[in-house]
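Q: Quick one: structure below, then a few questions.
The values are calculated or read from the model by the stated rules, or taken from the named source; none is laboratory data. Just so it is clear, the model here is predicted, and its values are computed rather than measured. Using ideal geometry, Cβ is built from the backbone for each residue, glycine included, and neighbour counts are taken over all protein chains shown.
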Amino acid sequence: MSTTVAHVIAAAEQLWPVSGAEAWDAVGLVSGDLDAPVSTISLAVDAVLDTVDEAIADGADMLITHHPLLLRGVTSVASDRYKGAVLTKLIRAECALLAAHTNADVVETGTSGRFATKLGLSSIAPIVEGETPDRGIGRTGQLPEAMTLGRLARLIGEILPPTATGIRVAGDFDQLVQSVALCGGAGDAYLNDPAVLASDVYITSDLRHHPASEARENARLQNGPALIDVSHWASEWLWLDAAADELRALLPDVTITVSELRTDPWDFAVVQ
């Protein structure tokens, strides 16, 4: 019996249970026929025109993305608009679309867990505990040895795919760090979490001026972490290879590929 969209959904539920998603999230099947056969799956962080075109060109029957296409409400899916164009292309090509977002963030091998493993952290635990003690938002842990903040930033640069905005750091280049908190994707909501405040450094993405400034000023008065801000896309792209391996184990008859297209929105930066 051939693998169908329904079978892929069941595999995704086994790996990234929908019950782990945040209440505001929109995960699961976005478009596609449950009974349609699936022989090839493409994985990407974002459902954008480039990743959709790539999946279709590769003959994929299904595109699985981390970020939901329809997270916020839309009033039209006309093809002269981005989201409508994406859905039109996918439906015409009979390529289903599924999103695994915060439900894939919280599992042990999810976005933050993968980042923590690539950094070689030990004693890994969630910043915010979820359904089980090993699952939840973000991760904390210990580097194998203390190193300077500058060296850690360079190590992260070796782990992550390159982007125009690179890696931004708030803290002394030579200060020693060993305890780490991290959150793949946007993580400024956890700047004041006790587990983050107790760490030497916090690695996340999309840090805005005021939350970052307040965190650094508070750190000067009360102690707190140095900050490392990385590309949102890059921090979550690390997860795709692990997700592909897990899907291959559950769906051995399906060819699974990972998109290497950069869907970080920034094309270049000017250093002043």
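Yes or no, residue by residue, for (1) over 27 Å from LEU15 (Cα atoms); (2) assigned by TED's automatic domain parsing to the domain that holds VAL45; (3) in a strand (DSSP E or B):
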{"site": "PHE115", "(1), (2), (3)": "no, no, no"}
{"site": "LEU155", "(1), (2), (3)": "yes, no, no"}
{"site": "ALA164", "(1), (2), (3)": "yes, no, no"}
{"site": "ASP174", "(1), (2), (3)": "yes, no, no"}
{"site": "GLN178", "(1), (2), (3)": "yes, no, yes"}
{"site": "LEU207", "(1), (2), (3)": "yes, no, no"}
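Q: Does GLY120 fit the bill of being in contact (Cβ under 8 Å) with a residue 12 or more places away in the chain and under 25 Å from PRO17 (Cα atoms)?
A: No, not satisfied.
Q: Could you please give the count of residues in segment 217-253 that are surrounded by 20 or more Cβ atoms within 10 Å (Cβ to Cβ), assigned to a loop (DSSP other than H, G, I, E, B) and in contact with a helix residue (DSSP H, G or I) (Cβ under 8 Å, 6 or more places away or on another chain)?
A: Matching residues across segment 217-253 total 2.
Q: Filter segment 9-55 down to the residues that are of a type in the set (S, T, N, Q) and closer than 26 Å to GLU108 by Cα and list them by number.
A: GLN14, SER19, THR40, SER42
Q: Here is a further query. Kindly evaluate ALA44 against the criterion of being buried (at least 20 other Cβ atoms within 10 Å of the Cβ), farther than 16 Å from ILE91 by Cβ and in contact with a strand residue (DSSP E or B) (Cβ under 6 Å, 6 or more places away or on another chain).
A: Values: buried (at least 20 other Cβ atoms within 10 Å of the Cβ): yes; farther than 16 Å from ILE91 by Cβ: yes; in contact with a strand residue (DSSP E or B) (Cβ under 6 Å, 6 or more places away or on another chain): yes.
When the stated conditions are applied, ALA44 passes them.
Q: May I ask you to list the residues in segment 25-45 that are more than 15 Å from LEU87 (Cβ to Cβ) and aliphatic (A, V, I, L, M)?
A: Matches in segment 25-45: VAL27, LEU34, ALA36, VAL38, ILE41, LEU43, ALA44, VAL45.
Q: Of all the residues that make up segment 12-70, how many are more than 13 Å from ASN103 (Cβ to Cβ) and in a loop (DSSP other than H, G, I, E, B)?
A: Of the residues in that region, 17 qualify.
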